[in-house]
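Undergrad: Sharing a structure here in structure tokens format.
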Amino acid sequence: MDADLLSDTFVELADTMVDDFDVIDFLHLLTDRSVALLSASAAGVMLADPRGELRVAASSNEAAGLLELFQIQNDQGPCLDCFRTGQPVTAADLAGPGQQWPRFAAAATGSGFRAVEALPMRLRDQVIGALNLFSTGTGALSQADLRIGQALADVATIGLLQERNVRRAETLAEQLQGALNSRVVIEQAKGRLAERLGLGMDQAFALLREHARNTNQGLTDVARQVIDSPTADFPVPAAG
């Protein structure tokens, strides 16, 4: 494991008091670094909306995001159980017999994933969502990886709650709802950019995010530009 990357990740997840704090980018940092640091092939984050219902907030790739959405739509899966109980949930072999979540297991294996670790995003008794780690191989993550994964989820949760307390003008529920609304805009822009440039959905999102950072703009602002100006020029990734 890259010790420097781990240290940098904790610093970045703890630093939510900057003026240009972007919840969506923050959550994508969490999913991307979870994959980079842990023995996971993909990661996703579910957060509760103001009514306490789970919504997909971020994912490291399209496949993980679709599986998160599948769980919500079918009301079954380890990530939902994790959120509801506030406890980690392990599914070590989704192709094995006696599946607790048969529809989810079929969808996950069909997408190439064989195991899932769901970790609660919680502070004491308050659970605001779940960090979900998908693996293409079978078996649970190591105890070391699980401790680090839970620590990442805990620090991210504290960061979100801290940001709410610093900016008392809005509640956590309003902030999370804003993030979920932003995600809808980003998904629309991602689809349009993918169609326009002939890219995969993951490539389109990476391009949106890179452009936002290079131009010092918010991710949602760039997404709205893509939607509002469908013929506007947009940097095309270099071949290869």
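The values are calculated or read from the model by the stated rules, or taken from the named source; none is laboratory data. It should be emphasised that the depicted structure is a prediction, and the values quoted were computed from it without experimental measurement. Cβ sites come from the backbone with ideal geometry, for glycine too, and all protein chains shown count toward neighbours. For accessibility, only protein heavy atoms count, side chains too; no ligands or nucleic acids. Shrake-Rupley method; radii C 1.70, N 1.55, O 1.52, S 1.80 Å.
Undergrad: Across the stretch 187-202, which residue is modelled with the highest pLDDT among those that are open to solvent by 70 Å² or more (accessible area, probe 1.4 Å) and touching a Pro at 6+ places or on another chain (Cβ under 9 Å)?
TA: Start the filter on the stretch 187-202 by keeping residues that are open to solvent by 70 Å² or more (accessible area, probe 1.4 Å), which leaves 188, 192, 195-196, 202.
Add one more test, that the residue is touching a Pro at 6+ places or on another chain (Cβ under 9 Å), and what stays is 192, 196.
Values: Arg192: 91, Arg196: 88.
Among them, the one singled out is Arg192.
Undergrad: State all residues of the stretch 1-53 that are open to solvent by less than 20 Å² (accessible area, probe 1.4 Å), closer than 18 Å to Cys79 by Cα and at pLDDT below 90; if no residue qualifies, say none.
TA: Hits for the stretch 1-53 are Ala48, Asp49.
Undergrad: Another one. Every residue in the stretch 210-226 that is open to solvent by 30 Å² or more (accessible area, probe 1.4 Å) and either in contact (Cβ under 8 Å) with a residue 60 or more places away in the chain or part of a helix (DSSP H, G or I) (or both), please. Steps first, please.
TA: Pass one, the stretch 210-226, residues open to solvent by 30 Å² or more (accessible area, probe 1.4 Å): 210-211, 213-217, 221, 224-225.
Scanning the stretch 210-226 gives Glu210, His211, Arg213, Asn214, Asp221, Arg224, Gln225.
Undergrad: Among the residues of the stretch 131-144, count how many are at pLDDT below 95 and touching a Leu at 6+ places or on another chain (Cβ under 7 Å).
TA: Within the stretch 131-144, residues that are at pLDDT below 95 and touching a Leu at 6+ places or on another chain (Cβ under 7 Å) number 1.
Undergrad: Restricting attention to the stretch 112-119, does a residue exist that is open to solvent by 10 Å² or more (accessible area, probe 1.4 Å) and farther than 21 Å from Ser41 by Cα?
TA: The answer is no, given that none of the residues of the stretch 112-119 is open to solvent by 10 Å² or more (accessible area, probe 1.4 Å) and farther than 21 Å from Ser41 by Cα.
Undergrad: While we're looking at this one, here's another question. Checking the condition in contact (Cβ under 8 Å) with a residue 60 or more places away in the chain, over 11 Å from the mean Cα position of the chain (by Cα) and within 14 Å of Glu117 (Cα to Cα), which residue from Pro88, Pro50 passes? So that I can check it myself, show each step before the final result.
TA: Numbers: Pro50 fails: within 14 Å of Glu117 (Cα to Cα).
Within the list Pro88, Pro50, the selection yields Pro88.
Undergrad: For the stretch 54-109, give me each residue that is crowded, with 18+ Cβ neighbours inside 10 Å, more than 24 Å from Leu123 (Cα to Cα) and of a type in the set (Ser, Thr, Tyr).
TA: Listed by number, the list is empty, since nothing qualifies.
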